[in-house]
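Heads up, the thing below is written out as structure tokens.
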Amino acid sequence: MLNRRLLRTKAVQALYARQLTAEANRLLALDHIEEAFLPNLNSMEFQDKPKLASLNKMANLALDEFIKNGELSADKDLPEQVVRVARSAYQAYDRQTKGDGEKLVRRVLNETELIYTDFIRILSMLIELSHQSKIDRERRYEDPEAPFPKSSGLNSNRVIQVLTEDKALAEEIIRSGINWSNEMGVIRKTYKEALRKDETYEAYCRVAEHTPEEDQALIQHILRQIILKHEVPLEYLEQRDLYWADHSELIRGLAIKTLKSADSADTFQLAPLTKDWEEDREFVEELCRIVVAENDQYGVYLEDQLKNWELERVALVDLIILKTALAELIHFPGIPVKVTINEFIEIAKRYSTPKSGKFVNGVLDVLSVKLAKEGVIRKSGRGLIDNK
């Protein structure tokens, strides 16, 4: 089932991508300013290039102040043209960056929902492999160069029969848009190069009758050792999901749990992705919204903590991880401090530099104590649990 660490990871991914797009939008804004102060080669009037270059430089500095503060300082005495051009560039930058941020959050949430589609795809793959087994067993003439036992097969397995006959699964396959008609090559190749060459499956097919336990053991073996490990199906799944490395463990758990329930039609149940998707969605959206809104304040907290560092020297991923952790520490009172710190340490270990886990741990340990003493971090309910 979907866990909070993956949701936290999705928030960090969205915020990281937003930072990259913000920098790209800033470069576009600088291009807009430069274009505004280029010499007009069609004009008959004298073009003061040094002056234009000076105005361009002032507008660039004004743009960065707009980005940082949302407005220019009252004591700034700049030419009206500089202010107008810089404001116009900033407005375009701000509009585009906000739009990009919203799209990126939606994208990571859609990616998360597609985990369930990949889970259904794997169940569907098992059904398609059973169809190949049926065709193989019904073949009248055996290949003399590659004989294969036919006393039983995947299509006669009780678990597969439950999957094949379940209406809810059939509806999910259709709803998920899963159709193998254009990808049967993957199924046939998996069957021939992986399943038929598997010693456990071959031994299973030599015996005509099997216990429910044997049927279940075979399906679990095919799932874990063939679909999720053999290069043919694994390459296919990785190509479909850019974040397969992040999602595969959850998909594996959903599939194992579902298949274990498939000993009979009465017990079969599709494992849910989450208990409450709306709550999970809101958690990611809220984390991202808070980090964007409180970005400058979090920068102040971190600058004060990292007195011997410049924030520019901190890896961008680490900086975003720290700010996302601060958002959770401060604005989610029901989550214990230690839970938040431990979760973001693990995210740093997986997605940043080898030393990032210790770095994030050191910063958050000290900063969480300091902010709690100042009353910035206030926990309640389950958040008061001290998970040492």
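Structural remarks
- Conditions (1) without any contact (Cβ under 8 Å) to a residue 12 or more places away in the chain; (2) not in a helix (DSSP H, G or I): number failed by residue 135: (2)
- From the options 105, 85, residue that is crowded, with 19+ Cβ neighbours inside 10 Å, of a type outside the set (S, T, N, Q), within 30 Å of residue 250 (Cβ to Cβ) and at pLDDT 95 or above: 105
- Residue within the stretch 47-67 that is in contact (Cβ under 8 Å) with a residue 60 or more places away in the chain and under 30 Å from residue 8 (Cα atoms) present: no
- Among residues that are part of a helix (DSSP H, G or I) and either aromatic (Phe, Trp, Tyr) or not assigned by TED's automatic domain parsing to the domain that holds residue 23 (or both), residue 142 is not included.
- Looking across the stretch 187-220, the residues that are part of a loop (DSSP other than H, G, I, E, B), within 35 Å of the chain's Cα centre (by Cα) and touching a residue at least 12 places away in the same chain (Cβ under 8 Å) come down to 196, 198.
- Filter pass, residue 29 being touching a Phe, Trp or Tyr at 6+ places or on another chain (Cβ under 6 Å) and touching a residue at least 40 places away in the same chain (Cβ under 8 Å): yes
- If only residues of the stretch 357-388 that are among the β-branched types (Val, Ile, Thr) and closer than 13 Å to residue 336 by Cα are counted, the one that is modelled with the lowest pLDDT is 385.
- Search result, residues across the stretch 245-272 that are outside any loop (DSSP other than H, G, I, E, B) and without any contact (Cβ under 8 Å) to a residue 12 or more places away in the chain: 245, 249
- Residue match in the stretch 175-190 (condition: out of contact with any Gly (no Cβ under 9 Å at 6 or more places or on another chain), surrounded by 11 or more Cβ atoms within 10 Å (Cβ to Cβ) and within 20 Å of residue 263 (Cβ to Cβ)): no
- Any hit, the stretch 9-22, residues being of a type in the set (Lys, Arg), crowded, with 18+ Cβ neighbours inside 10 Å and more than 20 Å from residue 90 (Cα to Cα): yes
- Flag for residue 18 being touching a residue at least 12 places away in the same chain (Cβ under 8 Å), in contact with a Gly (Cβ under 7 Å, 6 or more places away or on another chain) and outside any loop (DSSP other than H, G, I, E, B): yes
- Of everything in the stretch 211-227 that is buried (at least 18 other Cβ atoms within 10 Å of the Cβ) and in contact with a Ser or Thr (Cβ under 8 Å, 6 or more places away or on another chain), the residue that is farthest from residue 149 (Cα to Cα) is 227.
- Filter result (part of a loop (DSSP other than H, G, I, E, B) and touching a helix residue (DSSP H, G or I) at 6+ places or on another chain (Cβ under 9 Å)) within the stretch 168-183: 176, 177, 178, 179, 180, 183
- Residue in the stretch 271-286 that is over 18 Å from the mean Cα position of the chain (by Cα), farther than 30 Å from residue 162 by Cα, surrounded by fewer than 17 Cβ atoms within 10 Å (Cβ to Cβ) and not polar (S, T, N, Q) present: no
- Criterion: of a type in the set (Asp, Glu), under 32 Å from the mean Cα position of the chain (by Cα) and outside the structural domain of residue 323 (by TED's automatic domain parsing) - qualifying residue of 75, 64: 64
- The lone criterion from (1) at pLDDT 95 or above; (2) among the hydrophobic types (A, V, I, L, M, F, W, C); (3) surrounded by 13 or more Cβ atoms within 10 Å (Cβ to Cβ) left unmet by residue 27 is number (3).
- Residues of the stretch 37-82 satisfying the condition of being assigned to a helix (DSSP H, G or I) and either among the aromatic types (Phe, Trp, Tyr) or loosely packed, with under 12 Cβ neighbours inside 10 Å (or both): 49, 50, 51, 66, 68, 69, 80
The values are calculated or read from the model by the stated rules, or taken from the named source; none is laboratory data. In this text the structure is predicted, and so the values were computed from the model without any measurement. Note that each Cβ is placed from the backbone with ideal geometry, even for glycine, and that neighbours are counted across all protein chains shown.
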